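Worksheet: one structure, shown below.
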Amino acid sequence: MTILTALATLYDRLEKAGDAPPPGFSMEKIGGEVVLDAKGNVLAVRDLRVSDEKGKMRPKIMTVPLSVIRSVNIKPNLLWDKAEYALGVAAKKNGNSFQSELTKKSRLRFESFKNVNKGLISGTDDPVLLSFLRFLNSWTPEKFEILGFPPELLDQNLVFRFEHDLNKKGEPRYIHQREKVKKLVPEFLRYVLEAEKHGQDLIWGGEGRTSRLHVPIKGVQGAQSRGAPLVAFNADAYESFGKAQGENAPVSESAAFAYGTALNTLLRRDYKHSVRIGDTTVVFWAETPEREKAESLESLMNSSLNPPDEKAEANKLRDALRNVASGRGASPPPFDPDTRIYILGLAPNAARLSVRFWRPGTFGDFAANVLRFWDDLALQPPGWESAPAAWSLLYETAVQGKAENIPPRLGGDLMQAVLGGTPYPRTLLSAVVQRIRADGTINARRTAICCAFIRRNLEEKEFPMSLDRDNPDPAYRLGRLFAVLEMIQQKALPGLNATIRDRYFAAASATPARVFPLLAKNATHHLAKMRKSDGGGLAHWMDAEMGEIWNGLSTNLPRSLNLEDQGRFIAGYYHQRWAKKDGNTTEAQPESDNGSTDQ
């Protein structure tokens, strides 16, 4: 099943469940209302925003007639819009506040709003719509400041309401919510999508009115806030046979609305069917007719991609996924491992969206791949209290641990590996090694990434999760040796501002033959000093530890280590540095991870 067909099919379920707006409508952020009387006079412009948990005023999410597609063109919405369209008044920024401003552009936009809405509503006998028509004929933008309406709403979307119009619950009913308006929507939908010519529908098949423009997709990280199209032809080079825009990939207006609305619903922050990983935004859903089963399964998918912090909850999640992956299903509720699921990765591409990956599959395969990803990252001592999220790894690859510094495309490439059980991108290991060489921080998260890469990409499933004294690999043993040399220096010279890790780690992990003879010579002097100060007990133990590692190495140390061996070096260092000396004590506690948990 293609991406657009799967999304269009999903729309039916979302619309029946009330999660997606009906045909011809969209869910938009509405900040204020314009209250009219029977003569079309504006009685008030009121704030509809509500305060969030941080005290910031947020617009309401409201179902309104489908938002138009506009870039630099002047094109108004039906019965709602920005104040510059709905009232003809522009918002001028003044510090942290706004003030009204009348411009030639704002007047043109109101004239367009008036003409389009009059054209669609003309001929109505609905008294409320007639009051709106009177407003369009009598309103002038100068009245906004004269009547003293709040300028802070000029930057918001506004809806209209008749003063005495209430719904069955006694709540205010907006003009766009009236039954007579629903009859106007099909014509308005053709106006929005510019559907004129008939042709074969590539999604549903058969003939239909072809949508020239497709619904803008909102909520993709890094894309334009007003939305970006998934299907678009905006230059002659992309068109053929004299066809323009969407005629090159004919999709009916109903199918274009269905797939676009379904995708916008999945991307809503409150819907919890998407996750951001690097520059890629991932959406997911299940294909099952039962709404309750779909919601439960999708909730489990969301938890798998955003694991809970509590260890007990994380263990429950692991158990549920193991049951599904083994074919037993998870209970309660029962999850069928053969249930079809879809995962889509999107990223911004200029003014449009690009598809980073598309993974249709079964829930059983998804569960098995997520568990394998967590197993790949196994480490002692661990870098996580609970199961790790893929997006959290990427902060270890970024300068200063900031999301904007994550290498491009790495998020999408990593997610494909996690979801498909394929090798991890080599850029993941490369970025981690570069960060360690740059800042000298070797924490559990970075080490776990190195171990995961070795286990999967090099097919070394038995690569140790904790100190393995019998591991003969030279790179691993050199990492262990470097950790012992560092501990010797720290014990001999307490209070150092910088250790050999800060000065020599990059060189030692890349060209060991050049660096380790010098480090071993210095360690000999440090051990002599320790024997004089503490009677030799600790010095004897460290000398024996160093000797044990040396005995497993060839007399000719490697001249250089490749990227994969540098990963082994890092793992050996971490295992040795934080290994338990006996069953009850630990030599040192791991450094705190720098990984951000802010998604």
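Any idea how many residues of region 183-208 are at pLDDT 80 or above and under 25 Å from Phe113 (Cα atoms)?
So the first thing to find is which residues in region 183-208 are at pLDDT 80 or above, and the list is 183-194, 203.
Within this subset, residues satisfying the condition of being under 25 Å from Phe113 (Cα atoms) are 183-194.
Residues meeting the conditions: 12.
Within region 156-205, can you find the residues that are in contact with a helix residue (DSSP H, G or I) (Cβ under 6 Å, 6 or more places away or on another chain), of a type in the set (Asp, Glu) and more than 17 Å from Trp80 (Cβ to Cβ)?
Selection gives Asp201 alone.
Each row is one residue, and each column tells you yes or no for (1) of a type in the set (Phe, Trp, Tyr); (2) in a helix (DSSP H, G or I); (3) within 20 Å of Asp439 (Cα to Cα); (4) modelled with pLDDT under 50.
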site: Leu557; (1), (2), (3), (4): no, no, no, no
site: Ser560; (1), (2), (3), (4): no, no, no, no
site: Tyr574; (1), (2), (3), (4): yes, yes, yes, no
site: Gly583; (1), (2), (3), (4): no, no, no, yes
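Answer yes if at least one residue in region 229-241 is of a type in the set (D, E, K, R), in a helix (DSSP H, G or I) and over 24 Å from Met27 (Cβ atoms), and no otherwise.
Within region 229-241 (the criterion being of a type in the set (D, E, K, R), in a helix (DSSP H, G or I) and over 24 Å from Met27 (Cβ atoms)), the answer is yes, since at least one residue qualifies.
Report the residue count in region 477-498 for those that are over 15 Å from Leu538 (Cα atoms) and not aromatic (Phe, Trp, Tyr).
10
If we keep just the residues of region 149-163 that are assigned to a strand (DSSP E or B) and among the hydrophobic types (A, V, I, L, M, F, W, C), which is farthest from Ser100 (Cα to Cα)? Reasoning before the result, please.
Applying the first criterion (assigned to a strand (DSSP E or B)) to region 149-163 yields 157-163.
Going one step further and asking which of them are among the hydrophobic types (A, V, I, L, M, F, W, C), we end up with 158-160, 162.
On the way: Leu158: 15, Val159: 18, Phe160: 19, Phe162: 24 Å.
By that ranking, first place goes to Phe162.
Return the residue satisfying two criteria in turn: it lies in region 335-366 and is of a type in the set (D, E, K, R) and in a strand (DSSP E or B), and of such residues it is surrounded by the fewest Cβ atoms within 10 Å (Cβ to Cβ).
Start the filter on region 335-366 by keeping residues that are of a type in the set (D, E, K, R), which leaves 336, 338, 340, 352, 356, 359, 365.
Next, only the ones that are in a strand (DSSP E or B) stay: 340, 352, 356, 359.
Numbers: Arg340: 15, Arg352: 17, Arg356: 22, Arg359: 18.
Filtering region 335-366 for residues that are of a type in the set (D, E, K, R) and in a strand (DSSP E or B), the one surrounded by the fewest Cβ atoms within 10 Å (Cβ to Cβ) comes out as Arg340.
Please verify whether Val116 is under 19 Å from Asp37 (Cβ atoms), in contact with a helix residue (DSSP H, G or I) (Cβ under 8 Å, 6 or more places away or on another chain) and of a type in the set (A, V, I, L, M, F, W, C), treating the condition exactly as stated.
For Val116, the condition - under 19 Å from Asp37 (Cβ atoms), in contact with a helix residue (DSSP H, G or I) (Cβ under 8 Å, 6 or more places away or on another chain) and of a type in the set (A, V, I, L, M, F, W, C) - is not met.
Hey, any hits in region 435-450 for a residue that's more than 25 Å from Ala507 (Cβ to Cβ), among the aliphatic types (A, V, I, L, M) and either in contact with a helix residue (DSSP H, G or I) (Cβ under 7 Å, 6 or more places away or on another chain) or modelled with pLDDT of 95 or more (or both)?
Within region 435-450, not a single residue is more than 25 Å from Ala507 (Cβ to Cβ), among the aliphatic types (A, V, I, L, M) and either in contact with a helix residue (DSSP H, G or I) (Cβ under 7 Å, 6 or more places away or on another chain) or modelled with pLDDT of 95 or more (or both).
So is Leu414 crowded, with 22+ Cβ neighbours inside 10 Å and in a strand (DSSP E or B) or not?
Working: crowded, with 22+ Cβ neighbours inside 10 Å: yes; in a strand (DSSP E or B): no.
Against the criterion (crowded, with 22+ Cβ neighbours inside 10 Å and in a strand (DSSP E or B)), Leu414 does not qualify.
Closer than 27 Å to Asp155 by Cβ, hydrophobic (A, V, I, L, M, F, W, C) and not in a loop (DSSP other than H, G, I, E, B): is that true of Ala8 in this structure? Let's see the steps before the verdict.
On the way: closer than 27 Å to Asp155 by Cβ: no; hydrophobic (A, V, I, L, M, F, W, C): yes; not in a loop (DSSP other than H, G, I, E, B): yes.
Judged against the criteria, Ala8 is not a match.
Tell me, yes or no, whether region 521-542 has at least one residue that is under 47 Å from the mean Cα position of the chain (by Cα) and at positive phi.
no
How many residues are crowded, with 20+ Cβ neighbours inside 10 Å, in contact with a Leu (Cβ under 7 Å, 6 or more places away or on another chain) and modelled with pLDDT of 95 or more when one looks only at region 368-393?
2
Looking at Ser97, Ser71, which one is over 14 Å from Phe160 (Cα atoms) and in contact with a helix residue (DSSP H, G or I) (Cβ under 8 Å, 6 or more places away or on another chain)?
Answer to the selection: Ser97.
When you look at Ile146, is it surrounded by 15 or more Cβ atoms within 10 Å (Cβ to Cβ) and of a type in the set (A, V, I, L, M, F, W, C), yes or no?
For Ile146, the condition - surrounded by 15 or more Cβ atoms within 10 Å (Cβ to Cβ) and of a type in the set (A, V, I, L, M, F, W, C) - is not met.
Specify the residue that is farthest from the chain's Cα centre (by Cα); the eligible residues are those in region 417-434 that are free of Cβ contacts under 8 Å to residues at least 24 places away in the same chain and in a loop (DSSP other than H, G, I, E, B).
For region 417-434, the residue satisfying everything is Thr422.
Given the criteria surrounded by 13 or more Cβ atoms within 10 Å (Cβ to Cβ) and within 26 Å of Glu163 (Cβ to Cβ), does Leu48 qualify?
It is true that Leu48 is surrounded by 13 or more Cβ atoms within 10 Å (Cβ to Cβ) and within 26 Å of Glu163 (Cβ to Cβ).
The values are calculated or read from the model by the stated rules, or taken from the named source; none is laboratory data. Everything numeric here is computed off the predicted structure, so don't read it as measured data. Positions of Cβ are generated from backbone atoms using ideal geometry, with glycine treated the same way; all protein chains shown enter the neighbour counts.
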